[in-house]
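Contents: one structure, followed by commentary.
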Amino acid sequence: CTSLTQVSIPSSVKSIGEYSFSQCSMLEQITILSSSITLINSYTFFRCSMLKQITIPSSVRSIRMSAFRECSSLVEIEIPSSVTYIDDEVFRSCSSLAQITIPSSTKKIGHMVFCDCSSLKQITILSSIKLIKYSTFSGCSSLQQITIPSSVTSIEDSAFSHCTSLKQ
């Protein structure tokens with residue numbers, strides 16, 4: 001799908017399958033109008049390198065593995081407060097992503113979720129997660145600030161490795 005530039009998913013859609021828009025290299029904007037979609041499936045928008053904007057509906061509870069991996073033009077994404085789970089490598093190598101807030105509803109984030117997000121400068125974790133998994137923020141070379149909630153009891157190996165700009 002090299003010519004597709006924008007998608008509006010109507011309210012009649014109940015689910016979006018794995019790899020549905022994977023490698024749609026010219027896709028810039030996605031709007032999900034359906035309030036029936038409860039998850040963003042694995043690899044759904046993988047390597048949509050021109051994707052700049054997506055609106056995730058408040059019905060979404062889970063974002064599965066590598067859903068937005070290598071969306072290198074994605075600058076900002078708002079994770080709705082309905083999301084309780086962010087799976088492994090969801091935003092890995094989103095090299096233009098500058099900031100993100102993980103909402104208080106999120107109970108679990110997988111490993112390498114923000115790995116190699118080289119433009120990521122600020123992360124706010126409002127959630128009650130207990131564990132920051134291995135390599136979650138590895139390679140975030142522009143990361144200057146992260147707020148870790150008091151609920152965190154364990155930080156695994158390489159969680160912040162190669163975060164060369166981290167100040168606080």
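Key figures for this structure:
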item	result
Mean accessible surface per residue for the chain, computed with a 1.4 Å probe while every protein chain stays in place, in Å²	46 Å²
Restricting the stretch 1-96 to trypsin sites (Lys or Arg not before Pro) in coil, as DSSP defines it, with at most 12 other Cβ within 10 Å	LYS14
Sequence of SER118, SER82 from largest to smallest accessible area, 1.4 Å probe	SER118, SER82
Percent antiparallel among DSSP beta bridges (both partners in the stretch 27-127, rounded to 5)	0 percent
P(r) of the stretch 11-168 over all Cα-Cα pairs, binned every 5 Å from zero, in whole percent	2, 10, 19, 25, 21, 13, 7, 3, 0, 0
Cβ-placed point charges (K, R +1; D, E -1), dipole of the stretch 88-160 about Cα centre in debye, nearest 20	220 debye
GluC sites (Glu not before Pro) restricted to DSSP loop in the stretch 59-168 with at most 15 other C-beta within 10 Å	GLU78, GLU156
Within-10-Å neighbourhood charge of GLN144 [Cβ basis; K, R +1; D, E -1]	+2
Solvent-free Debye scattering, log10 I(q)/I(0), computed from the Cα coordinates of the stretch 10-69 at q = 0.21, 0.26, 0.27 Å⁻¹	-0.77, -1.14, -1.21
Karplus-derived HN-Hα couplings along the stretch 31-48 (A = 6.51, B = -1.76, C = 1.60, θ = phi - 60°), whole Hz, x at Gly and Pro	10, 9, 8, 6, 9, 9, 7, 9, 8, 9, 5, 4, 6, 4, 10, 3, 6, 7
Rounded percent of accessible protein surface that carbon and sulfur make up, the stretch 10-108, 1.4 Å probe	46 percent
Neighbour-limited loop hits for trypsin sites (Lys or Arg not before Pro), the stretch 98-168 (at most 13 other Cβ within 10 Å; DSSP other than H, G, I, E, B)	LYS130, LYS167
Where no second cysteine Cβ lies under 4.7 Å, the cysteines concerned in the chain	CYS48, CYS71, CYS94, CYS115, CYS117, CYS140, CYS163
Only Lys, Arg (+1) and Asp, Glu (-1) charged, at Cβ; the chain dipole about Cα centre in debye	260 debye
Candidate lysines for bridging to LYS133, where Cα separation is under 29 Å - those fewer than 8 sequence places away on the same chain excluded	LYS52, LYS107, LYS108, LYS121, LYS167
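The values are calculated or read from the model by the stated rules, or taken from the named source; none is laboratory data. These figures come from a predicted structure and were not determined experimentally. Every residue, glycine among them, receives a Cβ derived from its backbone with ideal geometry; neighbour counts consider all protein chains shown. To get the accessible areas, we keep the full protein, side chains included, count just its heavy atoms, and leave off ligands, DNA and RNA. Shrake-Rupley method; radii C 1.70, N 1.55, O 1.52, S 1.80 Å.
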